[in-house]
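Working notes, beginning with the structure itself.
The values are calculated or read from the model by the stated rules, or taken from the named source; none is laboratory data. Quick caveat, the model's predicted, so the values are computed rather than measured. Note: ideal-geometry Cβ built from the backbone for every residue, glycine included; neighbour counts use all protein chains shown.
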Amino acid sequence: MKKYTLIGLLVTSLLLTIIFSGYVAENITLRVAAGGLEGQWFATSAALVEIVSKADPTIKIDVVPGAGLSNPARVGAGEIEMAMSFPPFTNSAFNGNPPFENAFPDIRGGIKGFGPSLLQFAVTVETGLETLDDLINQKFPINLVVERKGTTDEYSLTKILEFYGIDYSTIEKWGGSVKFVGYGDQVIFIKDKHANGVFQNIAAPSPTIIEMATSRDMKILKLSDELVKYMNEKYSYSIGVIPKGSYGGTIPQEDLKSPASIGSWIINKNVPEDVIYRITKIICENAEKVRKIHPSTADFDPTQAGFDLGAPLHPGAEKYYKEVGYLK
């Protein structure tokens, strides 16, 4: 009898030790809003989720479609637990600054460094255009496709047109058009010759621009230094570069400056601290895998992942960064 009692005590002690040392965790399901189904945000988030799930099967994360402007609001409202975002838009949503009408104080920062998204204006070679200034100065009747309204693509395009003192109606007056469609449909518009230009806010190289180039010769328009500076100073875009040859050969023919934003995961404050700690730890400790996801994530740096996310850090992420010495 004493033998069985001793065994029972040992088993109970072992189970308590395991539970309280964190080796047993309840399963949890989260959702992360990415971008359009054909976009790089969706592909990158899916790859990150795979890294997490392989390291910790108790954490299940479903990747769902989203949009750059709606993602921070959805996280802040508690509609979704996590999302891809850009720090300038995260900060605007957190504080209730334009383009957001209300503040979302429940947004928390998580992990930054999932590649710079760059503003890219691609046109078919037959247009004869070399720069965006060419298009504007010639009042070229561009038939343009851009992502849906409410996305950072479409928002960014309006700010670029603003720089030139024009809007969509101006393009229509020139004999052109603007259609608001997802990345996959953009490919169809270009291939079927219903469009001869596309504007995207996406990591270079864009998978869909690559696909467009299989049926029509494409080129990336050069943006002026004045425009890049305007977007940086007025709307907090970083100054990035579309590397020479990003789309193979000489497309583009040189490094092109472009307004840029760094992709990051943001989180609702009510997601358990332990869960976000584990997610942050897994991503940062698998940095080499993250760097291999896409050329845009090649520079992922865990030591910088907790800085300048546009909102206060989630306690779980903060705990990890402090634990390893990335934050003091």
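Miscellaneous remarks
- Applying a threshold of 7 Å to beta carbon distances and a minimum spacing of six or more residues, or different chains, the list of pairs starting in region 122-151 at a residue that is farther than 19 Å from SER169 by Cα and ending at one that is aromatic (Phe, Trp, Tyr) reads THR127/PHE140; LEU129/PHE140.
- Those helices (runs of 4 or more DSSP H) lying entirely in region 205-315 with at least 2 residues among the charged types (D, E, K, R): 225-235, 273-285, 287-291
- For PHE307, the criteria (1) out of contact with any helix residue (DSSP H, G or I) (no Cβ under 8 Å at 6 or more places or on another chain); (2) over 30 Å from THR158 (Cα atoms); (3) in contact (Cβ under 8 Å) with a residue 12 or more places away in the chain hold in every case but one, which is (2).
- Answer residue from region 316-328, given it is touching a helix residue (DSSP H, G or I) at 6+ places or on another chain (Cβ under 6 Å) and not in a loop (DSSP other than H, G, I, E, B) and is nearest to PRO88 (Cα to Cα) among those: ALA317
- Breaking point among (1) more than 13 Å from LEU118 (Cα to Cα); (2) charged (D, E, K, R); (3) not assigned by TED's automatic domain parsing to the domain that holds ILE51, for GLU285: (3)
- Of all residues in region 227-240 being in contact (Cβ under 8 Å) with a residue 24 or more places away in the chain and either in contact with a strand residue (DSSP E or B) (Cβ under 6 Å, 6 or more places away or on another chain) or among the acidic types (Asp, Glu) (or both), the one that is farthest from SER85 (Cα to Cα): VAL228
- Taking each residue of region 275-292 that is surrounded by fewer than 24 Cβ atoms within 10 Å (Cβ to Cβ) and looking for partners that are of a type in the set (Gly, Ala, Ser) with beta-carbon atoms closer than 6 Å, six or more apart or interchain, yields TYR277/GLY316; ILE282/ALA55; ARG291/ALA298.
- Filtering THR158, THR151 for residues that are more than 16 Å from LEU118 (Cβ to Cβ) and among the β-branched types (Val, Ile, Thr) leaves a single hit, THR158.
- Scanning region 269-325 for residues that are on the phi > 0 side of the Ramachandran plot and at pLDDT 95 or above returns a single hit, GLY325.
- Hits in region 261-284 - residues which are touching a Ser or Thr at 6+ places or on another chain (Cβ under 8 Å) and among the aliphatic types (A, V, I, L, M): ILE262, ILE266
- Number of the exception - LYS328 against (1) more than 16 Å from the chain's Cα centre (by Cα); (2) at pLDDT 95 or above: (2)
- Only one of VAL63, VAL52 that is touching a Ser or Thr at 6+ places or on another chain (Cβ under 9 Å) and under 22 Å from LYS292 (Cα atoms): VAL63
- One residue from TYR247, TYR237, TYR277, TYR230 being aromatic (Phe, Trp, Tyr) and touching a Lys or Arg at 6+ places or on another chain (Cβ under 7 Å): TYR277
- Considering each residue of region 191-198 in turn, at least one proves to be under 19 Å from the mean Cα position of the chain (by Cα) and not small (Gly, Ala, Ser).
- Within the set GLN200, GLN186, the sole residue that is of a type in the set (S, T, N, Q), buried (at least 21 other Cβ atoms within 10 Å of the Cβ), assigned to a helix (DSSP H, G or I) and touching a helix residue (DSSP H, G or I) at 6+ places or on another chain (Cβ under 8 Å) turns out to be GLN186.
- Selection from region 33-61 of residues that are under 26 Å from THR151 (Cβ atoms) and among the charged types (D, E, K, R): GLU38, GLU50
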